[in-house]
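A quick write-up on the structure given underneath.
Just so it is clear, none of the values below were taken in a lab; they were calculated from the coordinates. Every value quoted in this text rests on a predicted model; they were computed, and no experiment measured them. We place every Cβ from the backbone using ideal geometry, glycine too, and count neighbours over all the protein chains shown.
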Amino acid sequence: MLRIGLTGGIGSGKSTVAKIFEVLGIPVYYADDAAKRLMNEDENLKEQITHHFGSDSYIDGKLNRSFIAKMVFNHKEKLELLNSLTHPAVMHDSEKWIAAQTTPYAIREAALIFESGIYKHLDYVIGVSSPEELRIERTMKRDNVSREEVLKRMKSQMDENKKINLCDFVIYNNEEQFIMPQVLALHRKWSEL
C-alpha cells in the first residue's frame with residue numbers, strides 16, 4: 001500500500017482535497033484530529049505533557065486546552081516541546097492506522113509533514129497550493145479571525161513556496177483550476193499501481 005502525505009499552508013484547501021479523496025473511497029488520517037484525541041487518551045503522552053507543562057494541563061483527565069494554548073502561545077520553544085511530545089505518538093498511531101487499511105493507498109493529512117519529519121515515512125507528498133491572499137480570505141472567514149491573526153499564523157508556518165517545492169505532486173486550489181480533475185488524475189495513477 002502506498003502511503004501518501006497531504007499538506008499545505010493554512011487556508012490552502014487541504015481539508016477540501018482530503019474530503020474528495022474520502023468520497024473516492026480512500027481513507028484519510030487527519031493528524032491534527034489524532035493529536036487532539038491522543039492528548040486525551042494516550043496515558044504516556046498525558047504523563048509527559050503533565051511533567052513538562054504542570055498539573056494544570058489536565059482537568060478531570062481531559063486536556064485543559066486553554067491552559068496549554070496560553071503556555072505555548074508566543075513561546076516558540078514551548079510549542080516545539082509540545083510538538084516533540086505529540087508527534088511520536090501521532091506517528092505511532094498513524095502507522096497502526098495505515099497497517100489496518102486495505103485500499104491501494106491511504107492518505108495522511110497534516111500541516112507539518114516536513115517540519116515533523118513524517119515525510120520520511122511516506123511514499124509521496126501532495127502539496128495543496130493557493131495564492132496567499134486567497135488563503136488569508138478563506139482563513140478569516142472560516143475561523144472568524146482578523147487579517148493580522150491569519151498573517152501571524154502564516155508567519156509561524158513553513159514558507160508556502162518552500163513547502164510546495166518539497167512536494168512530489170501539487171494540487172492548485174486557486175479558483176482558476178478545478179481541483180477535482182487534479183485529484184482524479186492522482187487517484188487513477190495510484191489505484192492502478
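Quick notes on this one:
- Peptides 18-29, 52-63 ranked from most to least packed give 18-29, 52-63, packing being the mean of other C-beta atoms within 10 angstrom over each peptide's residues.
- Highest-first packing order for the peptide set 78-84, 153-159 is 78-84, 153-159, based on the mean count of other beta carbon atoms within 10 Å.
- Seen through its C-alpha gyration tensor, with square-root eigenvalues sorted a ≥ b ≥ c, the stretch 34-123 comes out prolate because a/c lies at 1.5 or above while a/b is bigger than b/c.
- Here Lys155 is the anchor, and the aspartates and glutamates within straight C-alpha reach of less than 18 Å, apart from those fewer than 8 places off in the same chain, are Glu77, Glu80, Glu115, Glu132, Glu133, Glu137, Asp143.
- Listed residues Leu6, Ser84, Ile59: farthest to the positive end of the dipole of the stretch 1-135 (Cβ charges): Leu6
- Flagged links, alpha-carbon separation over 19 Å, of Lys70/Lys141; Lys78/Lys152; Lys36/Lys162; Lys19/Lys120; Lys70/Lys152; Lys120/Lys162: Lys70/Lys141; Lys36/Lys162; Lys19/Lys120
- From the largest down, the chain spans 50, 41, 25 angstrom on the principal axes of its Cα atoms.
- Entry note, the chain: relative contact order of 38 percent, from Cα contacts under 8 Å with a spacing of 6+ residues.
- Per-residue ellipticity at 222 nm, computed for the chain from helices alone with -39500 (n - 2.57) per DSSP H run of at least four residues, works out to -17000 deg cm²/dmol.
- Contour minus Cα-Cα distance for Leu2 and Met140 (0.36 nm per residue): 46.2 nm
- Label-to-label distance, Met180 versus Thr102, with points set 7 angstrom from Cα along the beta-carbon direction: 2.9 nm.
- Sites Glu80 and Thr16 - FRET efficiency at Förster radius 30 Å, r taken between beta-carbons, to 0.05: 0.55
- Along the stretch 167-177 the Karplus relation, 6.51 cos²θ - 1.76 cosθ + 1.60 evaluated at θ = phi - 60°, assigns HN-Hα couplings of 7, 7, 9, 10, 9, 8, 10, 10, 6, 10, 10 Hz to successive residues, with x for each Gly and Pro.
- When the Gaussian network model of the chain links Cα atoms closer than 10 Å, the mean-square fluctuations of His51, His121, His87 top out at His51.
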